[in-house]
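Remarks on the structure that follows.
The values are calculated or read from the model by the stated rules, or taken from the named source; none is laboratory data. No experiment lies behind these values; they were computed from the predicted model shown. All Cβ positions, even for glycine, are placed from backbone atoms using ideal geometry, and neighbour counts span all protein chains on display. Ligands, DNA and RNA are excluded from the accessible area calculation, which covers all protein heavy atoms including side chains. Shrake-Rupley method; radii C 1.70, N 1.55, O 1.52, S 1.80 Å.
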Amino acid sequence: MIRDQIIAIDQGTTSTRAVRYAADGRVLAVASQPLRLAHPQPGWVEADAEHLWAGVQDCVRQVMDERVAAIGIANQRETILLWDRDSGRALHPAIIWQDRRTAAQCEALRADGAEDLVRARTGLLLDPYFTASKLGWLLDHVPGAAALSAQGRLAAGTVDSFLLWRLTGGRSHLTDATNASRTSLFDIHRRCWDTDLLTLFDIPACILPTVAGNCHDFGQTDIRVTGRPVPITAMAGDQQAAMIGLGSVLPGRMKATYGTGCFLLAHTGDKPLLSRHRLLTTLACLVDGEAAYAVEGSIFVAGAALNWLRDGLGIVHGYDGIASLAASVPDDHGVHLVPAFVGLGAPYWRSDLRASLTGLTLDTGPATIVRAALEAAAFQTCDLIQAMQADGLVPQDVRIDGGMASNDWFAGYLADMTGLCVDRSRNHEATAWGAARLAGFAAGIWPDPRRVPVLSGLDRFTPSIDDALRQRRLTGWRAAVHHLLASTPPPEGT
């Protein structure tokens, strides 16, 4: 039996996908399952761990084939789970990266001067977005967690680590360096868990997974899941996997993925660049002991705003007609949505803010609000690119993927607002493709994706407006943001 096919698992915030690829890169099978999120209190975001796992199992089984040689995993980052090593039972729902329950703890640590240490070691800021404070909350609030930890039975990990544990029948407790770099517990320079940070957040090292590179022998699947043992040869955070999938693997290359949120990453080569403008420094990949780094800007709400318009307000019923709705609105509509539903990410980092919708008149209708939601994702991207430019980066273009990227109106508007050429991948599964490329390289099927990026083609959108119009639009957006900031004074100590 020739085994030359790869399965990629792409476990995201609101859905799980599994994609099977042929040796020539063709997509042979795709399976998808939604992931339900719960909001038990304002600012809290959770997902049932068993529902998450059931979706992954179902997707993998749907695409499984005898010719599959290996599996790669990409996952939503910063989401944390806690489970019993003996039973494998999750002790609490997964706390999703959007969750803000630990805002007060992060503010207290910042007031104590801890952010300088976190920033220097991890490249991150003190924010509830990252894993460490959420893990600390679980250890403090889950009944029996302390006792299980004392018995050596407690395990913790981000989604990749939890899935690996379940896929291997409890035989592998590992994570990869890109996911570890998002925890606020991992020194991105020495590439190991940091004892000072573990002490700061009161996390016992024994509950954490071992950290490996992106290409590694992570173990084999349990036959109860896949019918036969299949090697798991790669893991990566979803945004880093998308960088691989989009071929943004050289210094200066920039990519933006528009899913639930948006994450703009600029490759900076083999040296970490510490931002002076409140962007993040993160590992882009770690393969064969060679580390590459990126500067990242995080937008917490992008496509999630469209989901809110659909599910919360009911003013759209699907996404097919959104582009025509946006195009029907005059350019001077004056409405701005600042989608701070779970706070604002980079470069503001204000977890206490909540969304605002300004400029409404009696003429405002659903189409205007839809356009404002799309514009907000483009405007926030401009804020991030401006911060990157202030840090000395010189972007030439930006490669995009994700659900919102398929909207031609949005892609064109993004090009207009950034003043850059926007290249949209025709491969709509860039994250899965990146995970597959890493797994296929580790399995000896494909060349190193850092050296030989493979793309399925790009659709280019070029700027079509002058700088004066661009600046007028951005001035309106920034006035709306500044109004929100002024109306919500930051907590003491920030």
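Charged side chains reduced to their Cβ positions (Lys and Arg at +1, Asp and Glu at -1) give the range 20-95 a dipole of some 180 debye around its Cα centre.
The calculated FRET efficiency for the pair residue 482 and residue 142, based on their C-beta separation and a Förster distance of 51 Å, comes to about 0.80. The accessible surface of the range 310-423, taken with every protein chain in place and a 1.4 Å probe, is 53 percent carbon and sulfur. Over all orientations, the range 167-273 has a Cα convex hull whose mean projected area works out to 8.6 square nanometres. For the range 275-398, the Cα-based Rg and Dmax, in that order, read 17.2, 60 Å.
In a shell of Cβ-Cβ distance under 12 Å around residue 422, excluding residue 422 itself, what net charge do Lys and Arg (+1) and Asp and Glu (-1) give?
Summing Lys and Arg as +1 and Asp and Glu as -1 gives -2.
Extension gain for residue 396 to residue 196 (0.36 nm times residue separation, less C-alpha to C-alpha distance): 68.1 nm.
Were the residues from residue 54 through residue 469 laid out at 0.36 nm apart, the gain over their Cα-Cα distance would be 144.5 nm. When the chain is described by a simple charge dipole with +1 on each Lys and Arg Cβ and -1 on each Asp and Glu Cβ, the residue from 410, 184, 219 located farthest towards its positive end is 219.
The mean sequence separation of alpha-carbon pairs under 8 Å and at least six residues apart, normalised by the residue count of the chain, gives a relative contact order of 15 percent. Between the beta carbons of residue 111 and residue 1, assuming R0 = 51 Å, the FRET efficiency works out to 0.25 to the nearest 0.05. Grab the other residues whose beta carbon is less than 14 angstrom from that of residue 325, score K and R as +1, D and E as -1, and report the net. Charge balance near residue 325 sits at -1. Each Cα pair under 8 Å and six or more residues apart adds its separation to the average, and for the range 215-270 the resulting relative contact order is 23 percent.
For the range 263-298, backbone nitrogen atoms closer than 16 Å to the point 7 Å from residue 448 Cα along Cα-to-C-beta are found at 269-271, 284-293. In this structure, residue 228 and residue 38 have a Cβ-Cβ separation that, at R0 = 41 Å, corresponds to a calculated FRET efficiency of about 0.70.
Most simply put, the chain has about 70% antiparallel DSSP beta bridges, counting only bridges with both residues inside it. Treating each Cα of the range 336-476 as one equal point scatterer and applying the Debye formula with no solvent, the log10 of I(q)/I(0) at q = 0.14, 0.17 Å⁻¹ comes out as -0.82, -1.09.
Net length available on complete extension from residue 24 to residue 87 is 18.6 nm, with 0.36 nm assigned per residue and the Cα-Cα distance removed.
Other residues within the sphere of radius under 12 Å centred on the Cβ of residue 399, judged by their own Cβ, net out at +1 (K and R +1, D and E -1). For the range 470-491 and the range 1-74, compute the distance between their C-alpha centroids and round to whole Å. So the two Cα centres are separated by 39 Å.
With N set to the number of residues, divide the alpha-carbon radius of gyration of the range 1-41 by 2.2 N^0.38 Å and report two decimals.
My calculation over the Cα atoms of the range 1-41 gives 1.59.
Our note on the geometry: Cα centres of the range 243-279 and the range 284-306, 6 Å apart.
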